[in-house]
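Read-outs throughout are calculated quantities, based only on the coordinates presented, and are distinct from any laboratory measurement. Note that the coordinates shown come from a computational prediction; the quantities given were computed from them, not determined experimentally. Ideal geometry is used to build each Cβ from the backbone, glycine not excepted, and the neighbour counts take in all protein chains shown.
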Amino acid sequence: MYSFETKVRVRYGETDQMGFVYYGVFAQYFEIGRVELLRSLGISYKKLEEKGYFLPVVNFEIQYKKPALYDDELTIKTTIKQLPSARITFYYETYNAEDILLNTGKVVLVFVEKTTKKPCPPPALIMDKLKKKLES
């Protein structure tokens with residue numbers, strides 16, 4: 001299992017009339033967590049695309065427990081629990097500054113060859129780095 005934490009500050013435009021973070025914004029927060037976890041491994045989406053891979057989302061799940069509010073500093077904990085196949089699954093937990101769990105989630109992406117737009121195995125670039133992290 002490999003986890004990485006990212007901080008996000010809730011902006012006014014991300015809240016609804018009740019002052020809660022609008023539910024759809026968490027898809028963007030989870031993406032930030034996912035991108036930063038990959039970056040922590042030395043992998044960027046830009047580099048993956050340059051090497052001929054896309055990573056579209058095929059499943060998004062979230063369970064809300066408590067609301068996040070305007071100006072809250074959130075911690076997005078992103079975890080990879082197993083080596084990917086053609087699919088890679090990211091698990092999420094969002095906490096506020098008081099360390100209260102606000103939600104949990106799961107996002108599944110599929111590796112796709114840029115030219116054919118067909119699913120493919122993950123690149124060695126990702127597998128090598130994840131093996132090291134998941135085995136330690």
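Shape class of the stretch 43-136 from the Cα gyration tensor (axes a ≥ b ≥ c, square roots of the eigenvalues): prolate, since a/c reaches 1.5 or more and a/b is larger than b/c. With neighbour counts taken as other beta-carbon atoms within 10 Å, the residues Leu74, Leu101, Leu55, Leu125 rank, fewest first, as Leu101, Leu125, Leu55, Leu74. Taken along the Cα-to-beta-carbon direction at a fixed 7 Å, the label points for Lys118 and Glu61 span 3.0 nm. Taking the stretch 79-136 as the region of interest, the number of lysine pairs whose Cα atoms are within less than 18 Å, with members eight or more places apart or on different chains, is 5. Annotation note: trypsin sites (Lys or Arg not before Pro) in the stretch 55-133 located in DSSP loop regions with a Cβ neighbour count of at most 15 within 10 Å are Lys65, Lys81, Lys114, Lys117. For the chain, the 222 nm mean residue ellipticity estimated from helices alone, with every DSSP H stretch of n ≥ 4 adding -39500 (n - 2.57) and the total spread over all residues, rounds to -7500 deg cm²/dmol.
Label separation (Ser3 vs Lys51): 2.7 nm, computed from points 7 Å beyond Cα along the C-beta direction.
Inter-label distance, Arg87 to Tyr12: 4.2 nm, where each label sits 7 Å from its Cα along the C-beta direction. From Cα pairs below 8 angstrom and at least 6 apart in sequence, can you work out the relative contact order of the chain, rounded to a whole percent? Result for the chain is 29 percent.
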